[in-house]
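Working notes for the structure below.
Just so it is clear, none of the values below were taken in a lab; they were calculated from the coordinates. All figures in this text were calculated on a predicted structure; none of them were measured in a lab. No Cβ is skipped: glycine too gets one built from the backbone with ideal geometry, and neighbour counts run over all protein chains shown.
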Amino acid sequence: MGDYWTHQCRTAYLEQGVNRALGTSGVSRKDVTMFDLDQFIAECRAASAADRPHKNVREVVARAVSDPAAILKGLGEPRRSEVQKLYHSSDLTILNVIWAPRMTIMPHNHQMWAVIGIYTGREDNIFWRRIPGGHGGKLEAVGARALSTKDADPLGENIIHSVTNPIAQLTGAIHVYGGDFFGAERSEWDPETLEEGRYDAAKTMRLFEEANALYRAG
Ligand SMILES: [Fe+2]
């Protein structure tokens, strides 16, 4: 697991470096607007350290995804279903999440605030809650939100959601979390029974790899 994340992180930085090199090659200086990952991380860190971190970080993410072409240039065009770790500390995690076409991830919580910004494609979020007095932490659906390119949506720390990419192309999203996304004790819910279990990060990664295999086969 650790190696996987480290590899993804290194790949993202490497691609950014290559893109930077291309952007400053002198061939063309027009349309050079580029998503600067280091600057974005610095802005998220500053915003999350200030008052009302959730709201501030949403504004940073909204500004970033308002120029999807710049993010595609800076992070690279999505090519496969994956989760790239862009930044990770004890109080902030930033991920580049690429959803395969039609891919669905089971209901889960984060136990920390989050901001989701879409820079290509779509995300459909279903929101859930534990049925009061229900057995096994069983869920009921309480809402939904359709996110499109340029949307930046805040999620409260008690949110339980599932995510579907409803379209036939890869969806790219920047996810920012107000904590250690990988270290937090969290729950996921069985998609068939909707009963609660312990979050299994390795299982989630397998879902991304399975979705990627289907995407490549398709
Ligand atoms: Fe989530």
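Before moving on, here are some points about what is shown:
- Taking N as its residue count, the alpha carbon Rg of the chain over 2.2 N^0.38 Å: 1.02
- Gyration tensor (alpha-carbon) shape descriptor, segment 83-169, a/c threshold 1.5: oblate
- For segment 165-218, the extents of the C-alpha atoms along the principal axes are 35, 29, 19 Å, listed from largest to smallest.
- Computed FRET value (nearest 0.05) for Ser66 with Ala141, which takes r as the C-beta separation and R₀ as 30 Å: 0.50
- With R₀ fixed at 25 Å, the C-beta to C-beta distance from Gln39 to Phe182 puts the FRET efficiency at about 0.55.
- Within the chain, helix-based [θ] at 222 nm, where runs of 4 or more DSSP H residues each add -39,500 (n - 2.57), nearest 500: -11000 deg cm²/dmol
- Karplus-derived HN-Hα couplings along segment 192-198 (A = 6.51, B = -1.76, C = 1.60, θ = phi - 60°), whole Hz, x at Gly and Pro: 8, 9, 6, 9, 7, x, 6
- Rounded FRET efficiency, nearest 0.05, which uses the C-beta distance separating Lys203 from Ala50 and R0 of 45 Å: 0.80
- Vicinal HN-Hα couplings computed from phi for segment 128-141 (Karplus, 6.51 cos²θ - 1.76 cosθ + 1.60; Hz; Gly/Pro x): 10, 9, 5, 5, x, x, x, 7, x, x, 4, 9, 10, 6
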